[in-house]
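Only one structure is covered here, and it is reproduced in the block below.
The values are calculated or read from the model by the stated rules, or taken from the named source; none is laboratory data. In this text, all values refer to a predicted model and were calculated from it rather than measured experimentally. Note: ideal-geometry Cβ built from the backbone for every residue, glycine included; neighbour counts use all protein chains shown.
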Amino acid sequence: MPDAGPDPTPAKPVNPLNPADPVSQVNPGSQVSPVDRVDPVRPRRRAGGWARDGLLEERPALRRCVAGDLEEFASFYWGARALLSRGPDLPAPYDDLFSLEAVDELLSRRGLRTPFLRIAKNGAVVGDSQFTGPAGVGAEIADQVRDDKVAALFASGHTVVLQALHRTWPALVDFSTQLSADAGHPVQINAYITPAESQGFSAHYDVHDVFVLQVAGEKHWTVHEPVHADPLRNQPWTDHTQAVAAAARDKTPVIDEVLRPGDALYVPRGFLHSAKALGGVSAHLTVGMHTLTRYLLVQELAALAANQAALRTALPLGFDPGDPEQLADILPAVVELLTQEIQSATPDALAARLRRRTWSGNRPAPLPPLAHAASIASLSIGTTVRLRPGLHCRVVPGDPVILQLPDRTITFPPSTEAALTELTSGADCKVGNLPNLTDADQLVLVRRLLTEAVLVATNN
């Protein structure tokens, strides 16, 4: 459909369930799903941990993805509705994060290997051998990206997909670290570069939420409601190929708009989407939010049942678990034991498992080894340090005080509790000003935390 461009007088879009109810301060061209998927387990008001600290508006990376009120986004759109945010309503365009020049740099000078690159056209993915080759003298690898082959494929209408840019491009490493902290869910970032009048992938859905950030060129996006709501990681769109194709062909889209540089589109997991570049080369970032779900809690609750000895006993000799009649004899007792274990589970026990599983979803901010070693060597009274950005940790008071990290715990004397709490707050802390410790003890504590890569120096 034709695009009218940004409206100079943005107004709130209308809630299609109640035309008298404006729902968000975004561009009036924005469209929302007419389905309010409310249920007893997932109430409509879902801001949860995002809103409880009252600091939603201070989340800078999330703010770059969503126009309007973040509280409203968290409660009304998150996981339930697609949302288009126009560039004039957002803080800044995305050329500080990525560009077409960055694409050329990565493809020609960074020694990329598979799987950091995919190439596709009209839904068909090109085999790696068509754009990779040996790296030459001094590199015993055979799958380095060949820039000349990529150039030929791109010229013939193929879409280039740069994967895992949250690991390879500095500006996006920092952005993904901040966005993961803002949203509380792991983040990955890919870039899609499509020639004019070309389409890389047909209608499909993702098993994670997506923010599309348009970097260059124009792309026409079509978004439809799900055929399988809230898919899990093991429920890909290929399980519903016919339903996806039929919905994309026959149903009215909830978004049918052209994205221009600086625009952002939120697509919840399960929503069908496809895009086509228009008159020139299009580049957009796909910021994937690997959504943590209630099913994750179910999985870890079931895993706690391994502590029940009776549930670890062997099934009878000759037992056929595929026979419903045999299963009927044993299932009630297993369900009863499992229910007992789940009902007796404590938040502490469940949180311990979830920390190990979720806190490492995104790496913390990069740590330059040589500069960090120099910071440890030069540590003195007056040095300023702070928690390593993006690092999950938790101080547990007691004797000893426990510092919980994604992959380990560290214990400290009770006297360090106040200092540890301050050091892990995320604020800058000056050695010499930490509470309840002598200068010598402060140096010992901070040196240990620097060595463990929990802290980074900020004034070296």
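Is it the case that L338 is surrounded by 13 or more Cβ atoms within 10 Å (Cβ to Cβ), at negative phi, touching a Pro at 6+ places or on another chain (Cβ under 8 Å) and not assigned by TED's automatic domain parsing to the domain that holds L445? When the stated conditions are applied, L338 does not pass them.
In the condition set (1) out of contact with any strand residue (DSSP E or B) (no Cβ under 6 Å at 6 or more places or on another chain); (2) over 26 Å from L179 (Cβ atoms), E300 is compliant with all but (2).
Identify the residue in region 140-160 that is farther than 13 Å from I193 by Cβ and assigned to a strand (DSSP E or B) and, among all such residues, is modelled with the lowest pLDDT. Within region 140-160, the match that is modelled with the lowest pLDDT is Q144. Filtered by the rule that a residue be among the hydrophobic types (A, V, I, L, M, F, W, C) and loosely packed, with under 11 Cβ neighbours inside 10 Å, region 140-160 gives a lone residue, A155. Out of all the residues in region 245-259, which are out of contact with any strand residue (DSSP E or B) (no Cβ under 6 Å at 6 or more places or on another chain) and not acidic (D, E)? Selection gives A245, A246, R249, T252.
Taken together, P115, P93 contain a single residue that is surrounded by 12 or more Cβ atoms within 10 Å (Cβ to Cβ) and either in a loop (DSSP other than H, G, I, E, B) or basic (K, R) (or both), which is P93. The condition of being β-branched (V, I, T) and in a loop (DSSP other than H, G, I, E, B) holds for only one of I330, I381, I410, that being I381.
Pairs linking a residue in region 312-327 that is modelled with pLDDT of 95 or more to a residue that is of a type in the set (A, V, I, L, M) and surrounded by fewer than 10 Cβ atoms within 10 Å (Cβ to Cβ), with Cβ atoms under 8 Å and 6 or more positions apart or on different chains, do not occur. Evaluating Y266 against the criteria (1) in a helix (DSSP H, G or I); (2) closer than 30 Å to L62 by Cβ; (3) modelled with pLDDT of 95 or more leaves one unmet condition, (1).
Figure legend. Inter-residue proximity from region 117-138: first residues in contact (Cβ under 8 Å) with a residue 24 or more places away in the chain, second residues part of a helix (DSSP H, G or I) and among the aliphatic types (A, V, I, L, M), beta-carbon distance below 9 Å, spacing 6+ or different chains. Indicated pairs: L117/L106; L117/L107; L117/V150; I119/V150; I119/L153; K121/L153; V126/L153. Evaluate region 318-332: report whether one residue or more is on the phi > 0 side of the Ramachandran plot and not aromatic (F, W, Y). Yes: region 318-332 contains one or more residues that are on the phi > 0 side of the Ramachandran plot and not aromatic (F, W, Y).
Checking every residue in region 418-428 against the condition of being of a type in the set (D, E), outside any helix (DSSP H, G or I), at pLDDT below 95 and surrounded by fewer than 14 Cβ atoms within 10 Å (Cβ to Cβ) gives zero matches. Across region 179-195, the qualifying residues are those that are among the aliphatic types (A, V, I, L, M) and over 11 Å from the mean Cα position of the chain (by Cα), and the one among them that is surrounded by the most Cβ atoms within 10 Å (Cβ to Cβ) is I193. Restricting region 341-377 to residues that are among the hydroxyl-bearing types (S, T, Y) and assigned to a helix (DSSP H, G or I), the residue that is surrounded by the fewest Cβ atoms within 10 Å (Cβ to Cβ) is S344. Checking each residue in region 118-139 for being assigned to a loop (DSSP other than H, G, I, E, B) and closer than 19 Å to T194 by Cα picks out N122, G123, V126, G127, F131. On the given criteria, is V401 over 31 Å from the mean Cα position of the chain (by Cα), at negative phi and crowded, with 17+ Cβ neighbours inside 10 Å? Yes. Number of residues in region 201-219 that are at pLDDT 95 or above and not in a loop (DSSP other than H, G, I, E, B): the value is 8. Annotation note: of S176, S198, the sole residue that is crowded, with 17+ Cβ neighbours inside 10 Å, small (G, A, S), in contact with a strand residue (DSSP E or B) (Cβ under 9 Å, 6 or more places away or on another chain) and assigned to a helix (DSSP H, G or I) is S176. Looking only at region 448-460, residues that are surrounded by fewer than 17 Cβ atoms within 10 Å (Cβ to Cβ) and either without any contact (Cβ under 8 Å) to a residue 24 or more places away in the chain or assigned to a helix (DSSP H, G or I) (or both) come to 2 in all. Contact map, region 365-391: residues that are in contact (Cβ under 8 Å) with a residue 12 or more places away in the chain and under 22 Å from V444 (Cβ atoms) paired with residues that are charged (D, E, K, R) and part of a loop (DSSP other than H, G, I, E, B), Cβ distance under 6 Å, separation 6+ or inter-chain. Pairs shown: T384/D428; R386/D428.
Every residue, every condition in (1) without any contact (Cβ under 8 Å) to a residue 40 or more places away in the chain; (2) of a type in the set (S, T, N, Q); (3) over 16 Å from W78 (Cα atoms), yes or no:
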residue	(1), (2), (3)
Y192	no, no, yes
H208	no, no, no
V212	no, no, no
V223	no, no, no
H240	yes, no, yes
V244	no, no, yes
D256	no, no, yes
D263	no, no, yes
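What about V281, is it surrounded by 15 or more Cβ atoms within 10 Å (Cβ to Cβ) and under 30 Å from S176 (Cα atoms)? In short, yes.
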